[in-house]
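Below: the structure, in structure tokens.
The values are calculated or read from the model by the stated rules, or taken from the named source; none is laboratory data. Given the structure is predicted, the values throughout are model-derived calculations rather than measurements. Cβ: placed from backbone, ideal geometry, glycine included. Neighbour counts: every protein chain shown. Each accessible area value is taken on the protein alone, full model and side chains, heavy atoms only, with ligands, DNA and RNA left out. Shrake-Rupley method; radii C 1.70, N 1.55, O 1.52, S 1.80 Å.
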Amino acid sequence: MRVLIMCDMEGVAGITRWQQVTGSAGGIASQQYMEGRRLYTGEINAAVRGAREGGAEEIVVMDCHGAGHGWSFGSLILEELDPEVEVVTQRSWTDYTEVLETGCDAAMFVGAHAKSNTPEAALCHTVNHSAWREVRLNGTAVGESGINAALTGTWDCPPVLVTGDQAVCKEAAELFGEWITTVQVKRSYGWQSARHKTPSVAREMIAAGARRSLESLEAAEPYKPGEPCISEIEFFTVDMVEQYRHHEFIEIVDPTTIRFEGQDWWSAWKGFFFNYIWPESSG
């Protein structure tokens, strides 16, 4: 069994502040960011352990966190990772697809956060926290868990696990269905406020959840937004739409919303994300 772990930082127990997930300029990690990296790496190791106990024979870990300042998609502390996994560092979020193209049985989203503007959700955002207000796939509002699942679903790989605060767990259950395994490692009360499980307890919970999710793999379903797929991005302000005004692939729906379409989600996403924007903090 091959498992892909797509991991993010904001949903990790012990992480509440933006400084814990943001890289520092000049290549020197701040003390708060280093704390976040250690907590992040510990939860990924827990998911790896649980996946292996659940029957995974090959585990690929993909760092999906856009930390900025040259640290994007490289926040894991590689020397502290389980030595039996392989790690993907990528140019841009959703850039790596090889493990999916060659066949993957399950995807786990560890350290996930809720979509932008979710009440009582720590560090919630969707892709670009300063620009994107909402993402809709064929009319359904999704966060990064939904986008990740659409990516894995392109190659029929189902999401089986989502870990983070209560808000992202609720979001995942509503989007994917009752069969998804969720692990709540903290209770968020606002943008930078949460009640956390201690790291050791959170890691045991994640390991148990990862193991449990693979034991019921037959119930999991790939997430497919539909074909064709119409994607819409609503921005916070009108000026953010200007950069897309003369692109043939993109339709401006209203002063703050753009739309793009493809025969499926992946063709639409590739046509937009990889050709027109490169937000370093994406993911």
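General remarks:
- Expressed as a whole percent, the accessible surface of segment 191-238 that belongs to carbon and sulfur atoms is 52, based on a 1.4 Å probe.
- Atom-type composition of the exposed protein surface of segment 1-157 places 43 percent of the accessible area on carbon and sulfur (1.4 angstrom probe).
- The chain: most fluctuating residue of Val99, Val142, Val12 per GNM, C-alpha cutoff 10 Å: Val99
- Farthest positive-ward along segment 1-138 dipole, Cα basis, beta-carbon charges - from Asn45, His129, Thr102: His129
- Principal-axis tilt of helix 265-276 within the chain, Cα atoms, nearest 10 degrees: 70
- To the nearest ten degrees, helix 166-176 and the longest principal axis of the Cα atoms of the chain are 70 degrees apart.
- Counting only DSSP beta bridges with both residues in segment 99-235, the antiparallel share comes to about 55 percent.
- Each of Glu35 and Gln90 was given a label point 7 Å from its Cα along the Cα-to-Cβ line. The distance between the two points is 3.0 nm.
- Dipole of the chain, positive direction: furthest Cα of Pro158, Ile206, Val142, with charges on the beta-carbon: Ile206
- Between Phe249 and Glu80, the contour length at 0.36 nm per residue exceeds the alpha carbon distance by 56.5 nm.
- Distance histogram for the chain (every C-alpha pair counted, 5 angstrom bins, percent rounded to whole numbers): 1, 6, 13, 18, 20, 18, 13, 7, 3, 1, 0
- Accessible area in the full protein assembly, largest first, 1.4 Å probe, for His69, His129: His69, His129
- Taking segment 121-208 and dividing mean pair separation by its residue count, relative contact order in percent (alpha carbons under 8 Å, at least six apart): 27
- Stokes-Einstein D (µm²/s) once Rh is taken as the Kirkwood radius of segment 166-283 over alpha-carbon pairs, at 4 °C in 1.567 mPa s: 74
- Residue among Ser213, Ser231, Ser75 with the largest mean-square fluctuation in a Gaussian network model of the chain, springs linking Cα atoms under 10 Å: Ser231
- Degrees, to the nearest 10: 31-53 long Cα axis against longest axis of the chain: 70
- Per-residue SASA entry for Asp8, accessible area with 1.4 Å probe, Å² rounded to 10: 10
- Overall Cα dimensions of segment 31-186 - principal axes, largest extent first, Å: 40, 38, 29
- Each label was represented as a point 7 Å from its Cα along the Cα-to-Cβ direction; for Thr257 and Glu218 these points are 4.3 nm apart.
- For segment 1-115, size of Cβ-based charge dipole, Lys and Arg +1, Asp and Glu -1, in debye: 500
- Share antiparallel - DSSP beta bridges, the chain, percent rounded to 5: 50
- Most fluctuating residue given options Met108, Met62, Met240, as computed from a GNM of the chain linking Cα atoms under 10 Å: Met240
- Probe 1.4 Å, protein heavy atoms only - accessible area per residue of the chain in square angstrom: 41
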